[in-house]
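Structure first, commentary second.
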Amino acid sequence: MVYFRAMNLIDLLKRSESKTLEFKRDLSSPDGVLRTIVAFANTAGGVLLLGVEDTTRNVPGVAKPLAMEERLANLISDSILPHLLPEIEILPWRGNPVLAVQVHPGPGRPYYLKGAGLEGGVYVRVGSTNRRADREMIDELRRFARGETFDEQAMPECDSEALDFRAASESFASVRKLKRTDLDTLQLMVKHQGRKVPTVGGMLLFGKERNRYFPDAWVQAGRFRGTDKTYITDTLEIRTFPVRAVEEAIAFVQKHALHGMEIGAVHRKERWNLPPVAVREAIVNAIVHTDYAQHGAPIRVSIFDDRLEVENPGLLPFGLTVDDLLHGVSKLRNRVIGRVFHELGLIEQWGSGIQRMVAVCRDAGLALPVLEEIGTHFRVTIHTTSIGAPKVDKTDQTILDALAEGNGLSTREIAIVIGLTARATRSRLLKLVERGLVREIGTSPQDPGRRYFRAG
């Protein structure tokens with residue numbers, strides 16, 4: 001969120017138009033100005049500068065700023081419902097003042113243009129553009145204003161046997177034994193008019209007929225040759241329960257994430273081009289934050305020669321920007337799904353996933369992930385081209401050097417090399433595995449005979 005009181009006009013002019021900033025030459029086209037104000041109020045707030053050309057960013061300023069301020073205030077009052085009270089300030093600029101309008105995210109969503117009505121006058125901000133909201137988006141705005149989420153809603157057309165308790169129990173088996181009363185605690189089931197029915201989240205997670213009620217709630221994975229979608233070499237439709245879908249999607253990416261073989265003086269080394277933690281976070285984030293009220297498109301996992309794209313239906317939750325995500329700010333679009341994923345350890349700390357993704361990409365010498373809203377979807381792009389050597393400390397480098405021979409070492413053998421306890425060594429190895437620098441091979445995570453190999 002940009003607050004113009006905390007910065008001067010020059011700071012604002014250095015920025016490009018975005019989700020929270022727009023430039024307008026004047027009030028000659030008031031409809032465009034009003035659409036922007038409505039979109040800001042419905043989405044994440046923003047700053048509108050009047051007196052700045054949006055293409056050149058020249059600052060001709062505004063004539064008679066006090067008169068324009070009054071005119072704009074009247075336009076907002078007469079044209080927007082529910083009523084908005086943005087802050088309007090005149091900012092000096094070399095004798096040519098600029099009108100700055102600070103719009104805060106409004107509690108009365110959805111806001112709309114009175115003349116177009118609720119059905120045609122609701123706008124949201126997507127990137128640096130205003131998009132007219134469809135019926136599903138308007139419903140989402142209403143739920144957000146009430147503090148509700150789509151996946152908490154009851155499904156009265158179903159009964160208490162609509163959930164697959166066995167599938168739910170298997171998902172929780174590694175964490176705890178699931179009891180039927182837990183279905184209520186986790187809000188997978190709720191009481192509705194005196195009887196128990198599943199919630200939308202319960203149906204999405206463990207519904208016996210989840211594909212019937214939510215036919216678009218699946219993951220489409222594809223491997224493309226080159227850098228566009230002209231030639232597809234492998235594809236997979238993942239229609240299982242979301243908890244299992246995470247692992248199947250990750251497995252598909254790992255299947256195609258082998259960049260190639262490096263031929264050394266003695267041994268060949270497999271080189272992986274995507275940090276496993278970044279892949280997991282991107283896929284989990286997509287499943288947890290998808291707008292399942294949208295129709296027509298699944299979650300998409302696309303692998304190209306130079307990048308991985310993970311795209312899910314749904315803009316960022318209202319009030320959030322990409323910058324917020326990078327600073328660890330998070331809002332759950334789906335509380336039921338998020339709660340279950342958190343209990344299962346698929347989500348660790350709220351808001352930490354994006355930051356962890358950024359950190360492992362940086363440590364692996366890759367470009368930072370690109371986060372963007374496209375249409376009504378959210379996309380994470382992880383590029384696989386190295387921009388620098390992975391950053392490791394002296395002890396980690398000693399581990400990597402010890403594994404360079406390619407025969408693999410056990411935890412105990414590596415502990416001897418670096419002079420640490422087995423526990424401390426194991427902790428370092430796990431971090432190197434997460435960053436994609438080391439591969440762990442064994443029959444299971446508990447296999448005492450597992451060995452470690454350098455991955456790149």
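Brief remarks on what is shown
- Residue check, THR421 among the polar types (S, T, N, Q), crowded, with 18+ Cβ neighbours inside 10 Å and out of contact with any Asp or Glu (no Cβ under 8 Å at 6 or more places or on another chain): no
- Residue-level analysis places ILE416 among those that are more than 27 Å from ASP305 (Cβ to Cβ) and surrounded by fewer than 16 Cβ atoms within 10 Å (Cβ to Cβ).
- Verdict on ARG379 being open to solvent by 40 Å² or more (accessible area, probe 1.4 Å) and assigned to a helix (DSSP H, G or I): no
- The set of residues from the stretch 382-413 being of a type in the set (A, V, I, L, M) and buried (at least 19 other Cβ atoms within 10 Å of the Cβ) comprises ILE382, ILE399, LEU403, LEU409.
- One residue stands out in the stretch 63-80 among those that are part of a helix (DSSP H, G or I) and among the small types (Gly, Ala, Ser): the one that is farthest from the chain's Cα centre (by Cα), namely ALA67.
- Selected residue (criterion: modelled with the lowest pLDDT) from residues of the stretch 84-123 that are part of a loop (DSSP other than H, G, I, E, B) and small (Gly, Ala, Ser): GLY95
Conditions tested, residue by residue: (1) open to solvent by less than 30 Å² (accessible area, probe 1.4 Å); (2) of a type in the set (Gly, Ala, Ser).
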{"position": "ALA39", "(1), (2)": "yes, yes"}
{"position": "VAL52", "(1), (2)": "yes, no"}
{"position": "ASN58", "(1), (2)": "no, no"}
{"position": "ASP78", "(1), (2)": "no, no"}
{"position": "PRO82", "(1), (2)": "no, no"}
{"position": "VAL101", "(1), (2)": "yes, no"}
{"position": "PRO107", "(1), (2)": "no, no"}
{"position": "GLU119", "(1), (2)": "no, no"}
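- Scanning the stretch 425-449 for residues that are among the polar types (S, T, N, Q) and either at pLDDT below 80 or open to solvent by 30 Å² or more (accessible area, probe 1.4 Å) (or both) gives SER427, THR443, SER444, GLN446.
- Of the residues in the stretch 332-355, not one is part of a helix (DSSP H, G or I), modelled with pLDDT under 90 and charged (D, E, K, R).
- Cβ pairs under 9 Å, 6+ apart, first in the stretch 68-91 and farther than 15 Å from ARG109 by Cα and among the acidic types (Asp, Glu), second assigned to a strand (DSSP E or B) and open to solvent by 50 Å² or more (accessible area, probe 1.4 Å): GLU69/GLU89; GLU69/ILE90
- Each residue in the stretch 180-204 was checked for being in contact with a Ser or Thr (Cβ under 9 Å, 6 or more places away or on another chain) and farther than 13 Å from LEU163 by Cα, and 1 pass.
- Hits in the stretch 198-217 (condition: surrounded by fewer than 17 Cβ atoms within 10 Å (Cβ to Cβ), in contact (Cβ under 8 Å) with a residue 12 or more places away in the chain and under 23 Å from the mean Cα position of the chain (by Cα)): PHE214, ASP216
- Filter pass, SER28 being open to solvent by 30 Å² or more (accessible area, probe 1.4 Å) and in contact (Cβ under 8 Å) with a residue 40 or more places away in the chain: no
- Tallying residues that are under 19 Å from THR381 (Cβ atoms) and among the polar types (S, T, N, Q) within the stretch 224-257 yields 3.
- Looking across the stretch 124-143, the residues that are crowded, with 17+ Cβ neighbours inside 10 Å and either touching a Lys or Arg at 6+ places or on another chain (Cβ under 6 Å) or polar (S, T, N, Q) (or both) come down to VAL124, ARG125, ASN130, LEU141.
- Test: residue in the stretch 88-99 that is among the basic types (Lys, Arg), open to solvent by 60 Å² or more (accessible area, probe 1.4 Å) and under 28 Å from PRO317 (Cα atoms): no
- Lone qualifier among VAL126, VAL219 - being of a type in the set (Val, Ile, Thr), at pLDDT 95 or above and closer than 28 Å to LEU308 by Cα: VAL219
- Residue within the stretch 168-175 that is more than 30 Å from GLY108 (Cα to Cα), free of Cβ contacts under 8 Å to residues at least 24 places away in the same chain and open to solvent by less than 70 Å² (accessible area, probe 1.4 Å) present: yes
The values are calculated or read from the model by the stated rules, or taken from the named source; none is laboratory data. Remember, predicted model here, so these are calculated numbers, not experimental data. So basically every Cβ, Gly included, is an ideal-geometry build from the backbone, and we count neighbours across all protein chains shown. What goes into the accessible areas is simple: the full protein's heavy atoms, side chains included, and nothing from ligands, DNA or RNA. Shrake-Rupley method; radii C 1.70, N 1.55, O 1.52, S 1.80 Å.
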